[in-house]
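Notes follow the structure.
The values are calculated or read from the model by the stated rules, or taken from the named source; none is laboratory data. Note that the structure is predicted; figures quoted are calculated from it, not measured. Positions of Cβ are generated from backbone atoms using ideal geometry, with glycine treated the same way; all protein chains shown enter the neighbour counts.
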Amino acid sequence: MGLQMPNPLIVSSSGLSADLEGVKKAVEAGAGAVVLKSLFEEDIAAAIKRTKSEIGEFHPEEESYLRQMGMILEPDEYLGFVESSTRLADVPVIASLNCYSVNWWVDYARRIEKVGAKAIELNIAPLAIDSKIGASQLEDDLVALVELARKAVRIPIAVKIGQYFSALPHLAVRLHQAGADGLTLFNRYYRFDIDIEKVEFKTGNPLSAREEFIPVLRWIGIISNLTDLDIAASTGIQAAPDVIKALLAGSDAVQLCSVLYRGGLGAISTIKENLEAWMGRHNYSTISDFYGLLNFKKCGAYYQRLQYIKSLKQ
């Protein structure tokens, strides 16, 4: 997205990038960029209610739930966090907005730009739970949010979406036309589980597994050559081989999260060293030497029915 990064390894929006100390540690560990923990639209709505002295309308259970989810971060404090992070880091700092409507958050996008964020990642996760809302409307609403953001700011905009769309290539083209500069594939939805003894909900495994990387790889390979959108791979990336596969498929960068929770921020330097070692073994001096070598444009059959047919014949 025009950002100058020393390497393609980005620390994803998470608790790891929720404060200045976390940002500092990520940079010291060798991250090529850092996406700050998201400011949720619910945070902004809650702050507005407080400003208007309408906290009585905010149901206590609702506020408790938001706090448990890491929300209620106070938007003005978030702006200060963004500004301080950009001053601290010598790599790009990307702010993150988790939004779902055209309310409130647009003004904060403008403020985030003013305090120095190098880009904004719109974390948008529409979930079809209303039978009256069709797939086309969900996509139209998503595109409208991006158009709104593009009108509000000049800095690059990345859109982080889930994989549950019926025609991702078409949606990617629409998002690019709406003003997006990049895509993050994919947003990992909050996982819940059910405790059958207590007969109540509980938190599912918050960390991704390598098996979740397969659809990421497929769709990066398919989408990467359709537009000028830069793509960041996200979800299921556990080690250097996953990073290499993503780059071969056409990803411009990768976002790391679960692997850092499991192995610490030191995993960044390990992945970087193993990536460089692999490049040396294959006589690649830069990432551009092998970037996209196995994308859909060059190996389309492998992304479609060929491997399916082969597996049936085995």
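A quick yes/no check of all residues on (1) surrounded by 13 or more Cβ atoms within 10 Å (Cβ to Cβ); (2) modelled with pLDDT of 95 or more:
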site: 53; (1), (2): no, no
site: 57; (1), (2): no, no
site: 61; (1), (2): no, no
site: 75; (1), (2): yes, no
site: 98; (1), (2): yes, no
site: 107; (1), (2): no, no
site: 150; (1), (2): yes, yes
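Against the conditions (1) in a loop (DSSP other than H, G, I, E, B); (2) of a type outside the set (Lys, Arg); (3) surrounded by fewer than 17 Cβ atoms within 10 Å (Cβ to Cβ), where does residue 215 fall short? Just the number, please.
(1)
Taking the stated definitions as given, is residue 85 at pLDDT 95 or above and part of a helix (DSSP H, G or I)?
Against the criterion (at pLDDT 95 or above and part of a helix (DSSP H, G or I)), residue 85 qualifies.
Do you know which residues across region 226-246 are in a helix (DSSP H, G or I) and either of a type in the set (Gly, Ala, Ser) or touching a Gly at 6+ places or on another chain (Cβ under 8 Å) (or both)?
The answer is 240, 242, 246.
Is one or more of the residues making up region 136-149 in a loop (DSSP other than H, G, I, E, B) and on the phi < 0 side of the Ramachandran plot?
no
Picking from 141, 181, 107, which residue would you name as being more than 20 Å from the chain's Cα centre (by Cα), within 29 Å of residue 78 (Cα to Cα) and among the charged types (D, E, K, R)?
Working: 141 fails: more than 20 Å from the chain's Cα centre (by Cα); 181 fails: more than 20 Å from the chain's Cα centre (by Cα).
Among 141, 181, 107, only 107 is more than 20 Å from the chain's Cα centre (by Cα), within 29 Å of residue 78 (Cα to Cα) and among the charged types (D, E, K, R).
Collect the residues in region 14-51 that are modelled with pLDDT under 55 and within 20 Å of the chain's Cα centre (by Cα), keeping them in residue-number order.
Selection gives nothing.
If residue 272 satisfies every condition in (1) among the charged types (D, E, K, R); (2) more than 24 Å from residue 123 (Cβ to Cβ); (3) free of Cβ contacts under 8 Å to residues at least 60 places away in the same chain but one, which is the exception?
The single condition residue 272 does not satisfy is (3).
So, residue 280, is that one within 24 Å of residue 22 (Cα to Cα), surrounded by fewer than 21 Cβ atoms within 10 Å (Cβ to Cβ) and without any contact (Cβ under 8 Å) to a residue 12 or more places away in the chain or not? Don't jump to the end; show me each part of the working.
On the way: within 24 Å of residue 22 (Cα to Cα): no; surrounded by fewer than 21 Cβ atoms within 10 Å (Cβ to Cβ): yes; without any contact (Cβ under 8 Å) to a residue 12 or more places away in the chain: yes.
Answer is no for this residue.
Checking the structure you have, find out if any residue of region 157-177 is touching a residue at least 60 places away in the same chain (Cβ under 8 Å) and either surrounded by fewer than 15 Cβ atoms within 10 Å (Cβ to Cβ) or in a helix (DSSP H, G or I) (or both).
The answer is no, given that none of the residues of region 157-177 is touching a residue at least 60 places away in the same chain (Cβ under 8 Å) and either surrounded by fewer than 15 Cβ atoms within 10 Å (Cβ to Cβ) or in a helix (DSSP H, G or I) (or both).
Under 9 Å by Cβ, and 6 or more places apart or on different chains, what pairs join a residue from region 103-132 that is more than 15 Å from residue 184 (Cα to Cα) with one that is at pLDDT 90 or above and among the aromatic types (Phe, Trp, Tyr)?
108/78; 112/78
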